[in-house]
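These notes concern the structure reproduced below.
The values are calculated or read from the model by the stated rules, or taken from the named source; none is laboratory data. Predicted, not measured: the structure shown is a model, and the values here were computed from it. Heads up, the Cβs are rebuilt from the backbone with ideal geometry, glycines too, and the neighbour counts pull from every protein chain shown. We work out accessible area using only protein heavy atoms, side chains counted, and drop any ligands, DNA or RNA first. Shrake-Rupley method; radii C 1.70, N 1.55, O 1.52, S 1.80 Å.
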Amino acid sequence: MRKNIVAGNWKMNKTLQEGIALTKELNEALANEKPNCDVIICTPFIHLASVTPLVDAAKIGVGAENCADKASGAYTGEVSAEMVASTGAKYVILGHSERRAYYGETVAILEEKVKLALANGLTPIFCIGEVLEEREANKQNEVVAAQMASVFSLSAEDFSKIILAYEPVWAIGTGKTATPEQAQEIHAFIRSIVADKYGKEIADNTSILYGGSCKPSNAKELFANPDVDGGLIGGAALKVADFKGIIDAFNA
């Protein structure tokens, strides 16, 4: 079922103590209201077991920032989907542009990660998106369609369990900004290729988040687009006032 979602990605920030404090502050900020969207915080693995019991589960979901493409074994430092699920977390970010760029994650690797996440009851937030050179060459549709191969091997039933997040990599930390019109255009394309693969009903029920530079000042305009179902939020998720300002874009 298609939902409006605001998901925070803390990345490699916050000590355990700082993460606990941030979680408590977010709980307090949402204590007296029911957001008009699902709210998710995705934290470093070390935080998960401590943060999950602290959140008001009726208002805030918890997710991991990654999981391994292996179920278990001698993979020192890796975290399996089963280990993520054992903390009580319900979501996991996969395919993030930084992991594709810095760690060489391929379509095949991500296909395994997605399958293992689903097998362990996790909801993948699956990221796709193009870099500046690809956008300037007008190859954004080609790029995101190729990246979707990691999830297009799923059955229709399994695909319906995932969340998509489009990242305009060229507009993250570069000073460039994707317009609401650009966001809508690529989100509509993504929904169209989902419809081609799985049919209109599943496409219409798939949540597609915007993972660009989303702030309280532009969230309402971005989320007003018919194919933009919320945001995957980076730096603004580290400050409760900013994160709540984005959540409130659905309350306005």
Dipole magnitude of the chain about its Cα centre (Cβ charges: Lys, Arg +1; Asp, Glu -1), debye to nearest 20: 400
Axial C-alpha extent at least 30 Å, average Kyte-Doolittle at least 1.6 - helices from the chain (DSSP): none
Compactness of segment 65-131 - radius of gyration and Dmax, Cα, Å: 11.3, 35
Most fluctuating residue given options Val84, Val62, Val107, as computed from a GNM of the chain linking Cα atoms under 10 Å: Val107
Heavy atoms of Asp69 accessible to a 1.4 Å probe, total area in Å² rounded to 10: 40
Given (i) 38, 26, 22; (ii) 41, 21, 15; (iii) 25, 23, 17, the label whose value is semi-axes √(5λ) of the Cα gyration tensor in Å derived from this model: (iii)
Alpha-carbon centroids, segment 201-238 and segment 119-178: separation in whole Å: 13
Per residue accessible area in Å² of the chain, where ligands, DNA and RNA are left out and the probe is 1.4 Å: 45
Among Ala219, Ala117, Ala137: highest mean-square fluctuation, GNM of the chain, C-alpha pairs under 10 Å: Ala137
Label-point gap, in nm, between Glu142 and Glu112 - each point 7 angstrom along Cα→Cβ: 2.9
With every protein chain in place, segment 60-158: carbon and sulfur % of accessible area (1.4 Å): 50
Residue among Ile40, Ile93, Ile193 with the largest mean-square fluctuation in a Gaussian network model of the chain, springs linking Cα atoms under 10 Å: Ile193
Spatial separation of Cα centroids for segment 9-23 and segment 55-114, in angstrom: 17
R0 of 41 Å, Cβ-Cβ distance Ala241-Ala74: FRET efficiency to nearest 0.05: 0.40
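Tell me the relative contact order for segment 64-213 as a rounded percent, counting alpha carbon contacts under 8 Å between residues six or more apart. Let's see the in-between values first.
On the way: 219 pairs, mean separation 31.2, N = 150.
This gives 21 percent for segment 64-213.
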Helix-only CD estimate at 222 nm, as mean residue ellipticity for the chain, using -39500 (n - 2.57) per DSSP H run (n ≥ 4): -11000 deg cm²/dmol
Percent RCO, i.e. relative contact order, over segment 4-99, from Cα pairs under 8 Å lying at least 6 residues apart: 28
Spacing of the two label points (7 Å from each Cα toward its C-beta) at Lys197 and Thr177, in nm: 3.2
Accessible heavy-atom area order of Lys161, Lys59, Lys14, Lys239, highest first, probe of 1.4 Å: Lys239, Lys161, Lys14, Lys59
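What is the extension gain from Lys220 to Ala49, computed as 0.36 nm multiplied by their sequence separation minus the C-alpha to C-alpha distance, in nm to one decimal?
That pair, Lys220 and Ala49, stretches by 58.3 nm at full extension.
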